[in-house]
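A.B. asks: First the structure, which I've put down as structure tokens, then a few questions once you've had a look.
The values are calculated or read from the model by the stated rules, or taken from the named source; none is laboratory data. Just so it is clear, the structure is predicted and the values come from calculations on it, not from any experiment. Cβ atoms come from the backbone with ideal geometry, glycine included; neighbour counts cover every protein chain shown. These accessible areas exclude ligands, DNA and RNA; they are computed on the full protein's heavy atoms, side chains included. Shrake-Rupley method; radii C 1.70, N 1.55, O 1.52, S 1.80 Å.
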Amino acid sequence: MAYDRLGLVAASDPTGENTSYYELNQQMQLTPVDDPQLAASLLASAAQPSDVITVDAASVLVVEDGQRY
């Protein structure tokens, strides 16, 4: 990753075990990058905590730092 690229990690299953890493550049070109360590690092540092999201039949609720969204 660098200042001119956005790193994205995509998982093909809900466990997050099988991931792929991509970078989006300033020209909006999405390219796959074969770097499992970088993907794991990005996933660990930016993953949304699972206990802050509540889903029911009518809504999705996100609670962060005491704020409800």
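A.B. asks: Which order do peptides 54-64, 28-38, 4-14 fall in by mean Cβ count within 10 Å, highest first?
C.D. replies: 4-14, 28-38, 54-64
A.B. asks: Give a residue-ordered list of calculated ³J(HN,Hα) values for segment 17-29 (Karplus: 6.51 cos²θ - 1.76 cosθ + 1.60, θ = phi - 60°; whole Hz; x for Gly, Pro).
C.D. replies: 6, 9, 10, 10, 10, 10, 10, 10, 9, 5, 8, 6, 9
A.B. asks: Taking the C-alpha atoms of the chain, how large are the radius of gyration and the largest Cα-Cα span, Dmax, in Å?
C.D. replies: Every Cα atom of the chain included, Rg and Dmax give 15.0, 40 Å.
A.B. asks: Per residue, how large is the accessible surface of segment 8-50? Use a 1.4 angstrom probe and give square angstrom.
C.D. replies: Here the residues of segment 8-50 average 76 Å² of exposed surface.
A.B. asks: Enter the angle in degrees (range 0 to 90, nearest 10) between the Cα long axis of helix 36-46 and the first principal axis of the Cα atoms of the chain, meaning the one along which they spread out most.
C.D. replies: Helix 36-46 sits at roughly 30 degrees to that axis.
A.B. asks: At a 1.4 Å probe radius, carbon and sulfur cover how many percent of the accessible area of the chain?
C.D. replies: The nonpolar share, carbon plus sulfur, comes to 52 percent.
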